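A short reminder: the numbers here are calculations on the coordinates, not readings from a lab. Not measured: the values here are computed from a predicted model. Note that each Cβ is placed from the backbone with ideal geometry, even for glycine, and that neighbours are counted across all protein chains shown.
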Amino acid sequence: EATATGHYAEATAVALDALRQRAVRDFQARVEMARLRRQHADALETTARLQQALDSAAEEEARLVHAATHDALTGCPNRALLHERLNSAIRRARATGRHLAVAFVDVNGLKTVNDQQGHAAGDLLVCGVAYSLRAVNGPHDTVARVGGDEFVIVVVARADEQGCLAWVEELREVLQPWDGSADHVPASRASAGVCVVAPACALPGEAILARADELMYQAKAAGGAHPAVELLV
């Protein structure tokens, strides 16, 4: 009987020890699980912070790129971006056999408006001209501000010479003298020189711009009522 009691006590002790060991293992597993959950939560939080930092950096980079390539007053592309787009348009036109048009536009009388009505009125005039020029161009065309009173337009949406000349007529309508008093925009007129560039034309972008600039001065000397147009072949 004593031996049976001893065996029972020993078996009970072994069972209790096994229960204790399992309880310890369960506790350790729960502790480890809690640690892993905290680690996972920390990793998610760190990932979210890094993503937010990356998004902020991307937004700041986009803002800086836009500021470096666009006019602050009108939002139009500036001279640097114009040259990039013009050269790209020339390459595409030559590769696809399409015409393109390059217009140099000068806002007449901006200095007079600035002197007589103030620079706020002059800024309003420039923004009004930019809006009007964009209105006659497609989403793939470029309206760039290259000086205080100067804009350049690169038209790629018209496939052939006739299409470009039809666009010139639309531009002529926009350049007519307007009275913007209803919108508090000073009345003015703009002059333009337009080069219609054939696919075979080998002139570089700078030379095309220079010729459009010369044509603009011819239009201005003639009163500015009509754009001066030349076909470059």
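Before moving on, here are some points about what is shown:
- The range 1-124 - Kirkwood radius from inverse mean 1/r over Cα pairs (Å): 23.5 Å
- R0 of 41 Å, Cβ-Cβ distance Ala34-His66: FRET efficiency to nearest 0.05: 0.30
- Kirkwood hydrodynamic radius over Cα pairs of the range 38-94, then Stokes diffusion coefficient at 37 °C and 0.692 mPa s, in µm²/s: 229 µm²/s
- Over the chain, relative contact order from alpha-carbon pairs under 8 Å, at least 6 apart, %: 20 percent
- Furthest towards positive pole of dipole, Ala41, His66, Gln28, structure part the range 1-142, Cβ charges: His66
- Spacing of the modelled spin labels on Ala166 and Arg91, each 7 Å from Cα toward Cβ, amounts to 2.9 nm.
- Spin-label model, Glu230 to Ala210: label points 7 Å out along the Cα-to-beta-carbon direction sit 1.1 nm apart.
- Distance in nm between pseudo-label sites at Ala121 and Leu50 (7 Å out along the Cβ direction from Cα): 5.8 nm
- Phi angles across the range 135-144 convert, under the Karplus curve 6.51 cos²θ - 1.76 cosθ + 1.60 with θ = phi - 60°, into 3J(HN,Hα) values of 5, 9, 10, x, x, 9, 7, 10, 10, 10 Hz, Gly and Pro given as x.
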